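First up is the structure itself, then whatever we jot down about it.
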Amino acid sequence: MNVLLPRSPTLDVPDKYEAVFRTHGYSRISVPVLETTLVHINKLADRIAEGPSVHRFTGVVVTSKRSIEAWGQAVDSILTQSREDATAQEVSSGDEGKTSWGSVPFYVVGEVSAETARELGKRLPRGLGPTDVRGGSEAGSAEQLARLILEDGDAPESKNMLY
């Protein structure tokens, strides 16, 4: 028997849905029905380049792997546009000043998004990517992530998040 899965196939990790169907003897076919297009990358790049202190961000909320991909694309845009810019130099040199995101927690839904965030943090220049990733497998839903953020003892009283 065939099973049609109306979604993009998972390429980088074993797909749990396909594995379950395969275990039970079903033939499965994943068909992408949506196309994801990242928008407002320039606005995100502006926020990243300004740094968290300008808007008093105390955390970044990430609800999907696509959000992390958008962050990476925005940082790539910053670095491409201004290789000699003082902000890029300050952050990539490891200066933990007002433009650095290095100490800002990234609150992430799900383990795939968390792993993607960790990998991006390793790839990007220091201070421009996630280094403090929280949630992941402990926060598999938006509700669980919200609870984790509210109960986070490290976060300041006033939680102004970039979402």
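The values are calculated or read from the model by the stated rules, or taken from the named source; none is laboratory data. In this text the structure is predicted, and so the values were computed from the model without any measurement. Cβ sites come from the backbone with ideal geometry, for glycine too, and all protein chains shown count toward neighbours. Remember, those area values only see protein heavy atoms, side chains included, never the ligands or the DNA or RNA. Shrake-Rupley method; radii C 1.70, N 1.55, O 1.52, S 1.80 Å.
Among the residues of the stretch 21-52, those that are part of a helix (DSSP H, G or I) and open to solvent by 80 Å² or more (accessible area, probe 1.4 Å) comprise Arg22, Thr23, Asn42, Lys43, Asp46, Arg47. When the criteria are applied in full, Ala139 meets the requirement of being in a loop (DSSP other than H, G, I, E, B), crowded, with 18+ Cβ neighbours inside 10 Å and free of Cβ contacts under 8 Å to residues at least 60 places away in the same chain. Screening Ala70 with (1) open to solvent by 40 Å² or more (accessible area, probe 1.4 Å); (2) under 29 Å from Leu5 (Cβ atoms); (3) in a helix (DSSP H, G or I); (4) in contact (Cβ under 8 Å) with a residue 24 or more places away in the chain gives one miss only, at (1). The residue pairs whose first member lies in the stretch 19-34 and is farther than 16 Å from Arg7 by Cα, whose second member is of a type in the set (Gly, Ala, Ser) and not in a strand (DSSP E or B), and whose beta carbons are closer than 8 Å, counting only pairs six or more residues apart or on different chains, do not exist in this structure. The residues in the stretch 25-74 that are in contact with a Pro (Cβ under 7 Å, 6 or more places away or on another chain) and modelled with pLDDT under 90 can be counted, and the count is 3. Inclusion of Gly127 among residues that are open to solvent by 10 Å² or more (accessible area, probe 1.4 Å) and in contact with an Asp or Glu (Cβ under 9 Å, 6 or more places away or on another chain) is not warranted. Checking the stated criteria, Val60 turns out to be under 27 Å from Ser141 (Cβ atoms), in contact (Cβ under 8 Å) with a residue 12 or more places away in the chain, open to solvent by less than 70 Å² (accessible area, probe 1.4 Å) and not in a helix (DSSP H, G or I).
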